[in-house]
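The structure appears right after this line, and notes come after that.
Derivation of every value follows stated rules applied to the coordinates shown; laboratory data play no part. Keep in mind that what you see is a predicted model, and the values were worked out from it rather than measured. A quick note on method: Cβ atoms are made from the backbone with ideal geometry, for glycine too, and the neighbour counts reach across all protein chains shown.
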Amino acid sequence: MASSFSHKAVPALDVFKPDLFHGKVVLVTGGGSGICYHITETLMRLGCKAAIVGRKADRLREAAEQLARDTGSEAIATPGDVRKFEAMEQVVKQTIDKFGKIDFVICGAAGNFMAPLEGLSSNAFRTVLEIDLVGTYNTVRATMAEVKRTHGTYLHISATLHYSGLPWQAAPSAAKAGVDALSNVICVELGPFGVRSNCIAPGFIAGTEGASRLVPKGSDDMVKAFIPAQRIGERTDIANAAVFLFSEAANWITGQVIAVDGGQMHFRSAWLPYPQSSLDPRSFKNLFPDLRL
Ligand code: COA
């Protein structure tokens, strides 16, 4: 039998020129941790300045300081809850007061947990919709006058969940489908102002909160086998796609959802045994301790 081959993840600076985003300013919701932290770090290494948004002020401040130390560029912490429009207005004001403008916006704040329909209260469903979808709307609405002025670019962190009916993911699937739709409208309405709007739909990315919430510990080898590119994604894979989408090389690409998932969306195989996960969700309680049933 032939053995499988996988390409290694490549750091952005091996490919893109170091001053690519010199003079640019990015505002990132969810930028204090995970995938969006890494995208922010990469944009900053390429010369961008950043304002990161999150709910936990102390953690956010530490993240901004770490980003500045590691990259030599500037970052500020602008605490706020994306669910509150007034908070996002304040975040935008603080960013413009500090940096004078906003060129790029990343809508990355998200909430997720595994929950079969019977374990999902109406408030739980609403909470995820409010963070992912209403939060994206609030971020866009609060930034859009400025982004029109700078002829800037939106990037939304979506998902591939909703391309099929994935068990235990009703709320995030509905929310991300809405995010994709919203991005398309932004593309069309704001396109004539020189504004672009795209989504990245990440696949399984190692070491992220999303991955640890969605896949039981110790399943990496099983997950990898279902990924055509034969490796689990790294944060740098997502950051590289973001760099390309923000760059001038992509200035005719708008209204697109780009799956960065090693091809996994074309090979749908649930890692939750089916139909056991629907018929007897309680039998998975040892794998998902937060499961509420
Ligand atoms: N299963 C089922 N319901 C759950 C749940 C779980 N594991 N975790 C929370 N909920 C429910 C709560 O019970 C509550 O509903 P209720 O009022 O009917 O009881 C509702 O969701 C809101 O929970 P709450 O803790 O008040 O919301 P929050 O705003 O503090 O937290 C979450 C939001 C729930 C999305 C939380 O997981 C979070 O903050 N996540 C952010 C990080 C994240 O998820 N990253 C991954 C991105 S892929």
Checklist entry - Only one of (1) buried (at least 16 other Cβ atoms within 10 Å of the Cβ); (2) free of Cβ contacts under 8 Å to residues at least 60 places away in the same chain; (3) within 14 Å of the ligand (Cβ to nearest atom); (4) within 30 Å of GLY165 (Cβ to Cβ) is not met by LEU60, so which one is it? => result (4)
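Here is a yes/no grid of residues against (1) more than 16 Å from the ligand (Cβ to nearest atom); (2) assigned to a loop (DSSP other than H, G, I, E, B); (3) over 19 Å from the mean Cα position of the chain (by Cα):
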| site | (1), (2), (3) |
| --- | --- |
| THR95 | yes, no, yes |
| ALA110 | no, yes, no |
| ASP132 | no, no, no |
| ARG141 | yes, no, no |
| LEU182 | yes, no, no |
| GLU189 | yes, no, yes |
| PRO192 | yes, no, yes |
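Got a number for residues in the range 187-200 being of a type outside the set (Phe, Trp, Tyr), surrounded by fewer than 23 Cβ atoms within 10 Å (Cβ to Cβ) and either farther than 15 Å from GLY255 by Cβ or in contact (Cβ under 8 Å) with a residue 40 or more places away in the chain (or both)?
Looking only at the range 187-200, we keep the residues that are of a type outside the set (Phe, Trp, Tyr), and these are 187-192, 194-200.
Filter again for surrounded by fewer than 23 Cβ atoms within 10 Å (Cβ to Cβ), leaving 187-192, 194-195.
With the extra rule that they be either farther than 15 Å from GLY255 by Cβ or in contact (Cβ under 8 Å) with a residue 40 or more places away in the chain (or both), the set shrinks to 187-188, 190-191, 194-195.
Qualifying residue count for the region: 6.
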Checklist entry - On the given criteria, is ASP132 touching a residue at least 12 places away in the same chain (Cβ under 8 Å), buried (at least 23 other Cβ atoms within 10 Å of the Cβ) and among the acidic types (Asp, Glu)? => result yes
Checklist outcome for this item: By residue number, the members of the range 147-178 that are more than 11 Å from the ligand (Cβ to nearest atom), without any contact (Cβ under 8 Å) to a residue 24 or more places away in the chain and aliphatic (A, V, I, L, M) are ALA177
Next on the checklist: Every residue in the range 112-124 that is assigned to a helix (DSSP H, G or I) and either within 14 Å of LEU161 (Cβ to Cβ) or near the ligand (Cβ under 6 Å from one of its atoms) (or both), please.
Outcome noted: GLY119, ASN123, ALA124
Next on the checklist: Return the residues of the range 112-128 that are in contact (Cβ under 8 Å) with a residue 24 or more places away in the chain and among the small types (Gly, Ala, Ser); say none if nothing qualifies.
Outcome noted: ALA115, GLY119, ALA124
Checklist entry - Which members of the range 10-35 meet the condition of being of a type in the set (A, V, I, L, M) and closer than 19 Å to LEU155 by Cβ? => result ALA12, VAL15, LEU20, VAL25, VAL26, LEU27, VAL28, ILE35
Checklist entry - Counting only residues that are in a loop (DSSP other than H, G, I, E, B), touching a strand residue (DSSP E or B) at 6+ places or on another chain (Cβ under 9 Å) and surrounded by 12 or more Cβ atoms within 10 Å (Cβ to Cβ), how many does the range 1-28 have? => result 3
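Give GLY111, GLY72, GLY30 a once-over and let me know the one that is of a type in the set (Gly, Ala, Ser) and in contact with an Asp or Glu (Cβ under 9 Å, 6 or more places away or on another chain). Steps first, answer last, please.
Working: GLY72 fails: in contact with an Asp or Glu (Cβ under 9 Å, 6 or more places away or on another chain); GLY30 fails: in contact with an Asp or Glu (Cβ under 9 Å, 6 or more places away or on another chain).
From the options GLY111, GLY72, GLY30, the qualifying one is GLY111.
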Item to check | Boolean, ALA87 is away from the ligand (no atom under 16 Å from the Cβ), among the aliphatic types (A, V, I, L, M) and in a helix (DSSP H, G or I) | outcome: no
Checklist entry - Of all residues in the range 248-285 being within 15 Å of the ligand (Cβ to nearest atom) and surrounded by fewer than 17 Cβ atoms within 10 Å (Cβ to Cβ), which is farthest from PRO116 (Cα to Cα)? => result LYS285
Next on the checklist: assigned to a helix (DSSP H, G or I) and farther than 18 Å from HIS38 by Cβ: is that true of LYS224 in this structure?
Outcome noted: yes
Next on the checklist: Out of ARG213, ARG231, I need the residue that is basic (Lys, Arg) and more than 16 Å from the ligand (Cβ to nearest atom). Which one?
Outcome noted: ARG231
